[in-house]
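Beneath this line is the structure, given in structure tokens, with notes to follow.
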Amino acid sequence: MAFLDYVLQPPAYGWKHENGDLVKPTPKQIFAEFFSRLNVFKNRKNWLAFFSWMKVICLIPFFFLFIFKFFSLWMLLAAFVYSMIVMGTHGTIWYHRYCTHGAYTFKNNFWRFITHNLTLQIIPEEIYVVSHHVHHAKSDQPGDPYNAQGGFLYCFLADVNHQPMNQNLSEADYAKATNLMKHTGVKTNSFAEYQKWGSMASPLGSVLSWIVNWGIWYGIFYLLGGHALACTLFGAAGFWAVGVRTFNYDGHGQGKDKRKEGNDYNREDMSINQLWPGFVAGEWHNNHHLYPKSARSGFKAYQVDFAWYYIKFLSMIGAVTSYRDSKKDFMEQYHKPYVEGKKTVCNLKEEVLISE
């Protein structure tokens, strides 16, 4: 078996049937797996998934304070910008294009640290990065950790049910897994520590980093706008943390083929380009699956890409030393041939009409 076939912890219901078809678990099976994997009393190796959702739960009181105490049109606007654009774009910049695909390189650790901490820390890098490599290798196939054909809950709770790393890797395979993370700057456990905790991340280091990150950002928001702004933006981060879990279900057509000719050129999976995630987070998903290692995914003129603008800006000031930009190749290999083909068809139709 290839490494990516078993690097993730398989759910109790499995990835596929004996005939190779995707296992589509019932909601009862999905929730049973979800709560079982969050149970740190049953198995301390469940700590990372528990920690990830604990941070989301900690943001709920801030969301209610925003709604019931600090709500105003200005605070609503601030919440919208922070959750939809700032948090969304940072997810694309950091988790997606850098941590997973290495689409660009930083000049030094300082700029990597700044980019890492541009927003509140919520999603553990380990859960995102390792599983996302599997997603690209098995997109819309059994074993894809957020296969849209499994249904909404299959994707929504994937960070607990399907994305965590296998807790029983050999030392050689654990070294392969840590190699996927080495450029991120996230300190990884030794193999002995991994055997104890079932993760690359250290519990103590993760908790300390979380406390410092949230503490600094609450202080900054408080200085800018008091408790009202701080609670609003923390609540907005919580809204994003829940909402982002719906993306891969929608981004792969909700399990149906929703690809459009002239818009979605990648035909290897069901990923689609959507205006909303594209505009607010630079997540032109079909383009990304076509060129996963590109630092830019917004290739067409209307495809706004804030994540790319940030990376390009860092390049201009010397903070990013190299990046991949696949726009030229996309235009030459896909878009221009499509446009020329459409023109040819139109011309032929006109000639037929004239001859008749």
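Quick notes on this one:
- Relative contact order (%) - criterion: Cα under 8 Å, at least six apart; region: the chain: 23 percent
- Phi to ³J(HN,Hα) by Karplus 6.51 cos²θ - 1.76 cosθ + 1.60 over the range 218-231, Hz, x for Gly, Pro: 5, x, 5, 5, 5, 5, 7, x, x, 4, 4, 5, 4, 5
- Between the range 190-245 and the range 80-95, the C-alpha centres lie 15 angstrom from each other.
- Dimensions (Å) - the range 189-256, Cα atoms, principal axes, largest first: 45, 42, 10
- GNM result for the chain, Cα springs below 10 Å: residue of N286, N39, N108 fluctuating most strongly: N108
- Annotation for the range 174-204: trypsin sites (Lys or Arg not before Pro) lying in DSSP loop with at most 16 further Cβ atoms inside 10 Å of their Cβ are K187.
- Long-range HN-HN contacts of L8 with modeled amide H, under 5 Å: N166
- Sum of side-chain charges, V160 neighbourhood, beta-carbon under 14 Å (Lys, Arg +1; Asp, Glu -1): +2
- In order through the range 24-35: 3J(HN,Hα) via Karplus (6.51 cos²θ - 1.76 cosθ + 1.60), integer Hz, x for Gly, Pro: 10, x, 6, x, 4, 5, 5, 5, 4, 5, 4, 6
- Förster radius 35 Å - calculated FRET efficiency between A175 and K24 (Cβ-Cβ, nearest 0.05): 0.55
- Between helix 336-355 and the chain: long-axis angle, C-alpha atoms, 0 to 90°, nearest 10: 30 degrees
- Percent of Cα-Cα distances greater than 24 Å, calculated over the range 3-325: 56 percent
- Angle in degrees between helix 125-137 and the longest Cα principal axis of the chain, rounded to the nearest 10: 30 degrees
Each value in this text was obtained by applying a stated rule to the coordinates, not by laboratory testing. Given the structure is predicted, the values throughout are model-derived calculations rather than measurements. Neighbour counts run over all protein chains shown; Cβ positions are idealised from the backbone, glycine included.
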